[in-house]
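One structure below.
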Amino acid sequence: MFTQRCNLIKINLKRYYYLLIVFSLNLYTQDYVWTGNGTDSNFFNEENWVDVTTSQPPSVGSLEPSQVIYKDLSISCIVNAETSNETDIASQTPAIFDNSQSQTWPYVISVATANDGIISQLTQSVEINVTFLPSLGETYRVVKTFANGNWYNDQPEALQLGVNTIIVSAVNFDRNVKIQFSSGDIKFDMLRVNGKNIFSSVQEPIILGSTNVLEIIDGELEAESLIGGKIILDENAYLHLSGNDPIQSDAKIEFIDNLTWLKLSDVKPQTAHDLYTTQLFFNGSNVVYPSSIRFDNYYQNGTVIRPDDNQLTPLIVYDGESLNGSSANILINEIKSGQTIPNQLNDNLSSFLLKRGYMATLAVNEDGTGNSKVFIASEEDLAVHSLPIELDNDVSFIRVIPWNWVSKKGTGGDITGMNNSWFYRWNNTGTSDIQRECVPMSWGKGGADDENDILNYRSKYKATHILGFNEPDDCNGQSGQYNNMCDPEVAIGYYENLMKTGLRMVSPAGRQDAALNWINTFNNLGVQNEVRIDVIAVHWYDWYSDPQNSPNADPNAIFERFKNYLSNVYELYSLPIWITEFNANKYRTSDVNEAFMRLAIPYLENTSYIERYAWFEPVPVNNNNIGNGEFFDINGNLSSMGLFYKNYESTSSIPENFYANINNLSDATQNNDYIFTCYPSNLLNIEQELQMANKTFKFFPNPAKNQIQFQSNETIEYIYIYNIKGYLISKIKTNNLIDISTLKPGIYIMMVNNNSTKLIKK
């Protein structure tokens, strides 16, 4: 199911005219443009398109899956190329549902069983998009077992047309959970169980004739694959291909705008690079990795491909609220501080727009220290209409960098072949590769005490975070034994220097007990001195259970202690957690370590406040070559534990579409104030609609190329020009001729303020 939408910023208006104006339509001649006049957002629904010459939709059957399309097309909204796959419960029995013994509840789906162990204890969810109800009284109910194994039936709930979300709360015991339905005639086209897609409409390939072009402007297209032809990705355009061979038969994809992306859901970066680089172009030239194109992780199995352009400006800052007033475009990767913030906006920012796929850090001090916050626009643009009070009109440091979509599973050490999307090396010398983000660490004072360290961290490719010191709480070992780093007051001073990187800050990782004492003292000093911590790092080895004398300890008991420890840490800080070292202890057998891992990993993947984790291969006891609980055996082959870790499907570390969560200096999240709507207007009737809407002024010609003439019998000081998504791109003092030569071809909104009438035309 897809909701048709484009993006429109919420702006606090007085009284305005809104006029939809077409400027020189497109660079490419299009046979058909998207209108969205159909009942859905399906690419293959001919009613969603209109011929630019005749104003008529294409003939029925001319846009079909698995059929070559010999037309040039243009879209400007979210569009999905799919085939409806509506079914009913009876038809999906026994494939998905089971028959029950109850006449009242004849169909049932199993969500969790006690044999699933810890997974059954977690929150369970079912989402079903109901498309047809045979009667008004169709219902469902939840049935589940208690700790003693007895079954309990919840009260029946009525099903509704549309998406029904069924949530079963978490418990602390293994259990069975089922959902029963009153009829097999209930129809649906989407079913997800615990976030896993069980049934949905089928995404289809788009097949274009070899010379045909599909252009996306201010829109988003989802399809299985592209076969033949060319896709043009222009301003704010996004293409998502879900197939395992998504770009076929000499199909070409060209990036015109540097803020667009191509997302491949089922192809990893290295494979995407090897197979498709020759079919990708940026402004007419074949891309070259890494100088002109990025291949970034999209969690465990996917890739985001986008231009790598030093002229890219993903952040626009404003001195007024709601994206009003004077503005400045902030270049990627550059540090803007003090008077280098353009247009005299130093200490004068109140709002901003951050494009999807990027991260921005704002701080009050010119060097990046002091009160500060990290904002992440992962899947959606982030429009912050009012900065937090601690930053409003006080920002003197800005850094914006590409975001990297990383899953939770990582490794301590540069260990290849573990199907992980990140790693670290206990130092600041590691390098990211095309499939993994390397997180730099300042192991001790030596990584945080001079400007060269900061410049080194800033230069790290793909780095979005920095790890603090390694076990500084240990005055007799690790970083704590040097330079008085085991004194929190000393350590906090060097840690503060790391804020100058503009990266997201991960706390020092102390020994097992440190998170509840030493790190707490460190954090309190941070709050007092405005030193930001975004994430709490922990180590855990179950040291307080006498591991030397319990090599065969119960893995379940170890796991319960592990869960309790993490829960206590989160309760103390209310910040996300990275577990950068953990195992069941080196004195425990490999069997115990593996059993513990098999309990721990599913829990970590399903616990929202755990952002990342990295298993630490236990140090061998008595100088053995192989320790207990290692990924590899003595011959270098993956152990059963290594195979489990490698093959476990990892989830997204930060699943939110946008993220501006609390840090230790703030106690409130930043809400995205962004509105999504879609108005792919019938472009052919614009002139008629304008005449009907207002006869006191007019713009002409329309379409126009370089200039447009303005006439009005009212006094109007300024005209504001927004793009199709509502982003303010120009403020023009009114005269008879308006210069539009600098605007890209496309569709724009012109806003006229006369302080008397408000009219919105879409």
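The values are calculated or read from the model by the stated rules, or taken from the named source; none is laboratory data. Predicted model only: the values in this text are computed from it and were never measured. Cβ sites come from the backbone with ideal geometry, for glycine too, and all protein chains shown count toward neighbours.
Structure data summary
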quantity	calculated
Criterion (touching a strand residue (DSSP E or B) at 6+ places or on another chain (Cβ under 7 Å) and surrounded by fewer than 17 Cβ atoms within 10 Å (Cβ to Cβ)) met by exactly one of S110, S120	S110
Test: residue in segment 325-347 that is of a type outside the set (A, V, I, L, M), touching a helix residue (DSSP H, G or I) at 6+ places or on another chain (Cβ under 7 Å) and closer than 17 Å to N661 by Cβ	no
Qualifying residues in segment 597-643 (those that are hydrophobic (A, V, I, L, M, F, W, C) and modelled with pLDDT under 90) - the one surrounded by the most Cβ atoms within 10 Å (Cβ to Cβ)	I626
Given (1) outside any loop (DSSP other than H, G, I, E, B); (2) over 24 Å from the mean Cα position of the chain (by Cα); (3) modelled with pLDDT under 95, number of the condition S322 does not satisfy	(2)
Which numbered condition R561 misses (of (1) modelled with pLDDT of 95 or more; (2) buried (at least 18 other Cβ atoms within 10 Å of the Cβ))	(2)
Test: residue in segment 514-536 that is in contact (Cβ under 8 Å) with a residue 24 or more places away in the chain, part of a strand (DSSP E or B) and of a type outside the set (K, R)	yes
Qualifying position, being within 20 Å of M499 (Cα to Cα) and among the hydroxyl-bearing types (S, T, Y), among T411, T429	T429
In segment 43-57, the residues that are in a loop (DSSP other than H, G, I, E, B) and either among the acidic types (D, E) or under 18 Å from I216 (Cα atoms) (or both)	F43, F44, N45, V52
Test set (1) within 17 Å of Y298 (Cα to Cα); (2) under 21 Å from the mean Cα position of the chain (by Cα) - F352 fails condition number	(1)
Some residue of segment 367-386 being at pLDDT 95 or above, surrounded by fewer than 23 Cβ atoms within 10 Å (Cβ to Cβ) and at positive phi	yes
Wholly within segment 178-276, strands (runs of 3 or more DSSP E) carrying at least 2 residues that are among the charged types (D, E, K, R) and in contact with a Gly (Cβ under 9 Å, 6 or more places away or on another chain)	252-255
Subset of segment 336-381 [closer than 28 Å to R294 by Cβ and among the β-branched types (V, I, T)]	T340, I341, T361, V374, I376
So I376, is it touching a Lys or Arg at 6+ places or on another chain (Cβ under 6 Å) and outside any loop (DSSP other than H, G, I, E, B)	no
Complete set of residues in segment 495-523 that are surrounded by 22 or more Cβ atoms within 10 Å (Cβ to Cβ), over 31 Å from the mean Cα position of the chain (by Cα) and more than 22 Å from R612 (Cα to Cα)	none
Single residue of segment 48-74 satisfying the filter (in contact with a strand residue (DSSP E or B) (Cβ under 8 Å, 6 or more places away or on another chain) and among the charged types (D, E, K, R)) that is surrounded by the fewest Cβ atoms within 10 Å (Cβ to Cβ)	D51
